[in-house]
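Trainee: Here's a structure for you.
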Amino acid sequence: MNSKLNQTNLIRIEPITLKQYPAAAKIMAYGFGHKFQKLFSVSTTDMAFVFEQLLLYSPHQTGSLRFVALENDVLVGTMALKWKGSEVIQKANNPRLNWWSMRSHIGCWKLLRIMAGIHLLKHEPEVGECYIEDITVDPHSQGKGVGRQLLAYAEQYMFQTAQLSYLSLHVARHNQKAVRMYERYHFRKQSSTNSLLTAMFLGENEWNYMTRRGDNNIETPHV
């Protein structure tokens, strides 16, 4: 696979580095964490702290990568991809997840519910599947096409990785803006699920599972 994928002059996309964890966690708290904030009254700062701990101390999987989008070296978005990987590798010399510190920030009950909600969103990819775990964009950079460029990058990554043949993701059914964007990238709904548990923990009960097959003859929308 080519190490350099096509990118615009304005946005640079690359694998995340350790020093970028705090900024990525803050963006994740704005984008993904709002589901928890509405239900559990958790501040953005506390949610960012939780996400940073997860980035720092969660075991590394050989079948997953997180990328960041940079505009003039400022982190404006992040995306995680996951595929049928091999083993899980504990990061060397890293302490275990700091449950005590996270509990001190947001409280034991809120932390348990947040971790349960995150677990409910987990998906184990099949062979050949490149699963988009999340795409989040800084609120000040929304409307600039950053999300579309991250999505285009995921497509290129899938095309150029021999063992991967299609992209997939889950999206809340009511989020029609996101559904329409994915459809423009030739994602198609494969199934939908109703979950009382995600309704309880995330405020969302119906989810669409969408896939985009790796057909290089399909034209990718311009970003």
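Trainee: Ranked by accessible surface with a 1.4 Å probe, highest first, in what order do Ser141, Ser192 come?
Mentor: From most accessible down to least: Ser192, Ser141.
Trainee: Right, next: Excluding His170 itself, what net charge comes from residues whose Cβ is under 11 Å from its Cβ, given Lys and Arg +1 and Asp and Glu -1?
Mentor: -1
Trainee: Say a paramagnetic label sat at a point 7 Å from the Cα of Glu126, along Cα to Cβ; which residues of the stretch 65-79 have their backbone N under 14 Å from it?
Mentor: Answer for the stretch 65-79: none.
Trainee: How do Lys189, Lys82, Lys110 stack up against each other in accessible area, from largest to smallest, with a 1.4 angstrom probe?
Mentor: Lys189, Lys110, Lys82
Trainee: Suppose R0 equals 35 Å. What FRET efficiency, 1/(1 + (r/R0)^6) with r the Cβ-Cβ distance, do Leu54 and Arg188 give to the nearest 0.05?
Mentor: Computed FRET efficiency for Leu54 and Arg188: 0.70.
The values are calculated or read from the model by the stated rules, or taken from the named source; none is laboratory data. Fair warning: this is a prediction, and the values are worked out from it, not measured in the lab. Reconstructed Cβ throughout: ideal geometry from the backbone, glycine too, with neighbour counts over all protein chains shown. Surface areas here come from the heavy atoms of the whole protein model, side chains and all, with no ligands, DNA or RNA. Shrake-Rupley method; radii C 1.70, N 1.55, O 1.52, S 1.80 Å.
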